[in-house]
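Asks: Let me begin by handing over the structure; questions about it come next.
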């Protein structure tokens with residue numbers, strides 16, 4: 001209505017222009033009287049006629065124009081209202097509380113209710129997916145997806161300012177609206193049913209690429225009678241093909257122990273729901289084999305092309321094998337998901353891989369003049385012992401070597417002095433991160449031991465500077481890996497990195513002779529990581545220990561180095577005393593370690609190891625407050641994989657040894673979170 005008034009004023013001013021011009025004629029007439037009386041009389045007559053015509057025209061035109069404008073506005077309003085009413089898009093107006101004040105025919109058809117009934121309803125009563133918080137403010141627009149009568153709609157709510165000097169007259173004679181200026185909400189409903197169906201069909205028909213590897217093929221067939229080989233292969237093939245046939249997958253054997261498959265995306269949730277039951281089905285095959293057969297499954301999905309999915313599957317398979325096998329890894333464009341991995345894995349009896357990796361390392365070493373060795377932050381005995389072993393390999397080939405250590409923790413202090421106080425090794429054997437960054441160059445090789453996550457290394461910046469990076473580790477891989485490694489030897493079946501380096505020393509050069517202090521350091525690394533040869537020890541572990549013993553390692557000397565003082569031992573006892581049993585199989589202790597000769601991290605690890613001696617305990621967890629942070633040390637003695645538990649808590653580690661750290665929290669909160677996670681995983685059968 002305000003627009004109508006403004007339009008009337010403009011036209012009225014336009015019509016008044018001739019009247020205003022009459023003043024000009026009057027002035028002109030007066031001037032003519034001064035010049036000539038006769039001319040003034042003529043001008044006066046003309047001016048009077050002009051003014052009379054202008055006034056009469058203004059009066060008549062004003063009434064006519066008002067009538068025309070009124071009719072035009074009414075026609076425009078009826079036309080606009082008719083268009084909105086017949087608009088095929090469901091459209092409605094509501095007040096700021098959500099009460100419907102006007103609806104069109106399409107909206108009535110969608111809801112199936114009468115217009116009179118709708119105008120007494122609220123959109124929040126009508127549609128479950130719309131809430132009061134969705135009503136827009138400050139002329140904003142909000143969107144939401146709703147389902148109504150088995151149809152899917154995208155609802156758009158837009159705030160508008162309405163000037164209502166007149167009411168809207170409905171077809172049935174009912175009036176809606178109110179006088180004054182207020183805010184209304186326009187509601188549009190877009191039918192997305194067919195579009196969403198096509199999207200779902202397109203997504204479901206996308207192809208997922210996958211790989212299946214038999215983890216311990218050689219070990220199984222070496223121990224099995226030859227006449228049963230073909231039977232075992234047939235049973236495995238049958239299990240794989242039958243399982244994949246249920247998800248409409250095409251399976252192709254690539255090698256004797258490798259398969260590739262392609263399946264529609266719509267069956268992926270089915271595999272995820274049963275947590276890739278094929279892993280357990282194949283393990284159940286037993287025709288006289290002493291070791292259970294295990295598989296690794298990898299899948300790639302949600303990439304832009306099938307080639308991208310296949311490359312993701314290959315990358316996921318490397319991750320599955322690096323984590324010990326017997327699991328499925330699903331890699332999508334935005335995340336990596338793990339399934340299975342509950343078993344501890346089978347020790348590889350062959351040393352072929354160790355020999356091949358050693359020869360590759362030696363070839364790389366021949367092309368470099370200097371080697372920088374780095375472990376994880378706050379290195380433990382396994383990290384330091386492995387670094388010493390690599391140092392010995394490098395110096396035996398007359399190459400310069402340096403070990404990066406920024407802080408000497410109590411975990412390595414008992415044996416650290418054997419190297420810093422010995423003139424044989426030189427002052428530059430141990431360097432810090434700043435010195436390492438200054439030394440690194442094109443002819444420098446960076447060797448990383450006992451860690452494969454770049455974020456956990458002593459100096460992550462070194463990795464980006466190094467042209468050649470080599471990784472030796474025994475921890476299971478996570479999604480964060482060192483991607484630019486020239487050589488990577490990650491063996492999760494090994495008890496420790498020191499065990500791996502001890503094997504490599506035997507293939508590196510027969511003339512290499514370890515010094516007693518070096519043998520002690522590596523032996524101590526194996527001893528600490530295996531908890532005195534109680535956990536995760538295999539044949540190769542004892543063979544490595546025997547090699548170190550022959551090289552001069554003294555068992556009693558190492559044991560004396562790592563004995564605890566009486567106060568530390570009391571703290572360990574307090575930690576065990578605080579233990580509580582959860583689900584009858586998991587021991588959880590909460591305590592705050594005090595500063596002493598032994599670092600809090602080492603102390604919590606020892607408490608976790610001690611709790612494994614309690615009867616019935618399958619896994620132990622020690623929650624310790626360390627400043628503002630809280631740390632969990634987890635250990636396992638049974639078939640429980642504490643790595644997958646700690647990964648869900650945001651940490652990681654090994655199948656038997658894992659940890660997690662939390663910032664700005666309390667031990668009570670972490671304990672509650674851990675117990676809830678254990679209960680959920682126990683119900684789901686993950687532990």
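Asks: Taking the residues in the range 122-147 that are at pLDDT below 80 and surrounded by 16 or more Cβ atoms within 10 Å (Cβ to Cβ) as candidates, determine which candidate is nearest to the chain's Cα centre (by Cα).
Replies: 134
Asks: Among 521, 546, which is the only one that is under 14 Å from residue 498 (Cα atoms) and either without any contact (Cβ under 8 Å) to a residue 12 or more places away in the chain or loosely packed, with under 14 Cβ neighbours inside 10 Å (or both)?
Replies: Among 521, 546, only 546 is under 14 Å from residue 498 (Cα atoms) and either without any contact (Cβ under 8 Å) to a residue 12 or more places away in the chain or loosely packed, with under 14 Cβ neighbours inside 10 Å (or both).
Asks: Can residue 584 be described as in a loop (DSSP other than H, G, I, E, B) and modelled with pLDDT of 75 or more? Reasoning before the result, please.
Replies: Details: in a loop (DSSP other than H, G, I, E, B): yes; modelled with pLDDT of 75 or more: yes.
Criteria met by residue 584.
Asks: Does the range 623-632 contain at least one residue that is surrounded by fewer than 17 Cβ atoms within 10 Å (Cβ to Cβ), in contact with a strand residue (DSSP E or B) (Cβ under 9 Å, 6 or more places away or on another chain), within 24 Å of residue 530 (Cα to Cα) and not assigned by TED's automatic domain parsing to the domain that holds residue 324?
Replies: Going through the range 623-632, the residues surrounded by fewer than 17 Cβ atoms within 10 Å (Cβ to Cβ) turn out to be 626-629.
This time we only want the ones that are in contact with a strand residue (DSSP E or B) (Cβ under 9 Å, 6 or more places away or on another chain), so: 626, 628-629.
Cutting the leftovers down to within 24 Å of residue 530 (Cα to Cα) gives us none.
Checking the range 623-632: not a single residue is surrounded by fewer than 17 Cβ atoms within 10 Å (Cβ to Cβ), in contact with a strand residue (DSSP E or B) (Cβ under 9 Å, 6 or more places away or on another chain), within 24 Å of residue 530 (Cα to Cα) and not assigned by TED's automatic domain parsing to the domain that holds residue 324.
Asks: Here's a follow-up. Return the residue satisfying two criteria in turn: it lies in the range 403-428 and is touching a strand residue (DSSP E or B) at 6+ places or on another chain (Cβ under 9 Å), surrounded by fewer than 23 Cβ atoms within 10 Å (Cβ to Cβ) and not in a loop (DSSP other than H, G, I, E, B), and of such residues it is modelled with the lowest pLDDT.
Replies: 420
Asks: Let me ask something else. With 259, 243, 265 as the choices, which residue is crowded, with 16+ Cβ neighbours inside 10 Å and under 24 Å from the mean Cα position of the chain (by Cα)?
Replies: Exactly one of 259, 243, 265 is crowded, with 16+ Cβ neighbours inside 10 Å and under 24 Å from the mean Cα position of the chain (by Cα), namely 265.
Asks: If we keep just the residues of the range 367-391 that are over 34 Å from the mean Cα position of the chain (by Cα) and in a strand (DSSP E or B), which is farthest from residue 471 (Cα to Cα)?
Replies: 370
Asks: Tell me, which strands (runs of 3 or more DSSP E) wholly within the range 288-357 include 1 or more residues that are over 25 Å from residue 658 (Cβ atoms) and at pLDDT 85 or above?
Replies: Once the strands (runs of 3 or more DSSP E) in the range 288-357 are filtered for at least 1 residues that are over 25 Å from residue 658 (Cβ atoms) and at pLDDT 85 or above, what remains is 295-300.
Asks: Any residue that is assigned to a helix (DSSP H, G or I) and either crowded, with 23+ Cβ neighbours inside 10 Å or modelled with pLDDT of 85 or more (or both) - is there at least one of those in the range 465-481? Give the derivation first.
Replies: Taking the range 465-481 first, the residues assigned to a helix (DSSP H, G or I) are 465.
Subsequent filtering for residues that are either crowded, with 23+ Cβ neighbours inside 10 Å or modelled with pLDDT of 85 or more (or both) retains 465.
Yes, the range 465-481 contains a residue that is assigned to a helix (DSSP H, G or I) and either crowded, with 23+ Cβ neighbours inside 10 Å or modelled with pLDDT of 85 or more (or both).
Asks: Can I ask one more? Which of the numbered conditions does residue 535 fail, given that it passes all the others? Conditions: (1) modelled with pLDDT under 85; (2) in the same structural domain as residue 515 (by TED's automatic domain parsing); (3) more than 19 Å from residue 659 (Cα to Cα); (4) buried (at least 16 other Cβ atoms within 10 Å of the Cβ).
Replies: (3)
Asks: From 577, 572, grab the single residue that is surrounded by 16 or more Cβ atoms within 10 Å (Cβ to Cβ), without any contact (Cβ under 8 Å) to a residue 60 or more places away in the chain and not assigned by TED's automatic domain parsing to the domain that holds residue 423.
Replies: 572
Asks: Which members of the range 429-441 meet the condition of being surrounded by 16 or more Cβ atoms within 10 Å (Cβ to Cβ) and touching a helix residue (DSSP H, G or I) at 6+ places or on another chain (Cβ under 9 Å)? Step through it out loud before you land on a result.
Replies: Step one: filter the range 429-441 for residues surrounded by 16 or more Cβ atoms within 10 Å (Cβ to Cβ), giving 429-431, 433, 436, 439-440.
Hits for the range 429-441 are 429, 430, 431, 433, 436, 440.
Asks: Which of the residues spanning the range 363-389 are under 20 Å from residue 463 (Cα atoms) and surrounded by fewer than 24 Cβ atoms within 10 Å (Cβ to Cβ)?
Replies: Residues satisfying the conditions are 364, 365, 367, 368, 369, 370, 376, 377, 378.
The values are calculated or read from the model by the stated rules, or taken from the named source; none is laboratory data. Quantities reported herein were computed from a predicted structural model and do not represent experimental measurements. Note that we place each Cβ from the backbone using ideal geometry, even for glycine, and neighbour counts take in every protein chain shown.
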